[in-house]
1. Out of the residues in the range 16-33 that are open to solvent by less than 50 Å² (accessible area, probe 1.4 Å) and touching a His at 6+ places or on another chain (Cβ under 9 Å), state the one that is farthest from ILE119 (Cα to Cα).
2. Looking at (1) in a strand (DSSP E or B); (2) among the aliphatic types (A, V, I, L, M); (3) open to solvent by 20 Å² or more (accessible area, probe 1.4 Å), can you tell me which one ALA91 breaks?
3. Determine, yes or no, whether ALA134 is open to solvent by 50 Å² or more (accessible area, probe 1.4 Å) and of a type in the set (A, V, I, L, M, F, W, C).
4. Among the residues of the range 102-140, which ones are in contact (Cβ under 8 Å) with a residue 60 or more places away in the chain, assigned to a helix (DSSP H, G or I) and over 11 Å from the mean Cα position of the chain (by Cα)?
5. Counting only residues that are among the hydrophobic types (A, V, I, L, M, F, W, C), open to solvent by 50 Å² or more (accessible area, probe 1.4 Å) and within 19 Å of THR147 (Cα to Cα), how many does the range 34-88 have?
6. Being part of a loop (DSSP other than H, G, I, E, B), of a type in the set (Gly, Ala, Ser) and touching a strand residue (DSSP E or B) at 6+ places or on another chain (Cβ under 7 Å) is the filter here; which residues of the range 36-59 pass it?
7. I'd like the full set of residues that are surrounded by fewer than 15 Cβ atoms within 10 Å (Cβ to Cβ) and among the acidic types (Asp, Glu), limited to the range 94-124.
8. When you go through (1) at pLDDT 95 or above; (2) under 28 Å from ARG28 (Cα atoms) one by one for GLY157, which number turns out not to apply?
Amino acid sequence: MTTEQGSPTTTADREVVVARTIDAPRERVFEAFTEVRHLTQWWGPDGFTTTTRGFEFRVGGAWDFTMRGPDGTVYPEWISWTEITPPERLAFVHGESADDATAFETVLTFTPDGAGTRIRMHTVFPTREQRDEAVEKYHAIEGGQQTLGNLAAYVAGGG
């Protein structure tokens, strides 16, 4: 796609994409994202724990939570769902709070892959600089891979 002036209009310089095939049916993988009793067991990179302050799973609803890193640092987190299409797709805005000007958008797709599920997490940040900071300072790619690894281990264990 191009603008009328002929310059490309793309979000590629603001994106992070992480994907993984999980050895579990799509419905089970999708459910692990929809219920707080599941999310708090696996959400986040290795060594992080999640504590929920509020949870309402519906379009326009929010998940208000904190993550504690292995070093004890507490990170306020907030997600608001913008699309819920079971068991295929979830979209949400993710930031530190409802009024976070640096919040980013994520779309999760759940695609059958044999007996398993291919999950793709596509995140678009407001600016290239915010994407670069997330990747370089907060290790967003590695953290996303670890988070999906934790999800895979959780659902494989019957969660």
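1. VAL16
2. (3)
3. Details: open to solvent by 50 Å² or more (accessible area, probe 1.4 Å): no; of a type in the set (A, V, I, L, M, F, W, C): yes.
Criteria not met by ALA134.
4. Step one: filter the range 102-140 for residues in contact (Cβ under 8 Å) with a residue 60 or more places away in the chain, giving 108, 110-113, 115-128, 130-131, 134-135, 139-140.
From what is left, the residues that are assigned to a helix (DSSP H, G or I) are 128, 130-131, 134-135, 140.
The answer is ARG128, GLN130, ARG131, ALA134, VAL135.
5. Within the range 34-88, the first condition is being among the hydrophobic types (A, V, I, L, M, F, W, C), and the residues that meet it are 36, 39, 42-43, 48, 55, 57, 59, 62-63, 65, 67, 74, 78-79, 81, 84.
Filter once more, keeping what is open to solvent by 50 Å² or more (accessible area, probe 1.4 Å): 48, 55, 57, 59, 74.
From what is left, the residues that are within 19 Å of THR147 (Cα to Cα) are 48, 74.
The number of residues fulfilling the criteria is 2.
6. Step one: of the range 36-59, the residues part of a loop (DSSP other than H, G, I, E, B) are 43-48, 56-59.
The next check asks that each one be of a type in the set (Gly, Ala, Ser); those that pass are 44, 47.
Within the range 36-59, GLY44 is the sole residue that qualifies.
7. Across the range 94-124, the qualifying residues are GLU96, ASP99, ASP100, ASP113.
8. Every condition holds for GLY157 apart from (1).
The values are calculated or read from the model by the stated rules, or taken from the named source; none is laboratory data. In this text the structure is predicted, and so the values were computed from the model without any measurement. FYI the Cβ positions are ideal-geometry reconstructions off the backbone, even for glycines, and counts take in every protein chain you see. Surface accessibility is based on the protein's heavy atoms, side chains included, excluding ligands, DNA and RNA. Shrake-Rupley method; radii C 1.70, N 1.55, O 1.52, S 1.80 Å.
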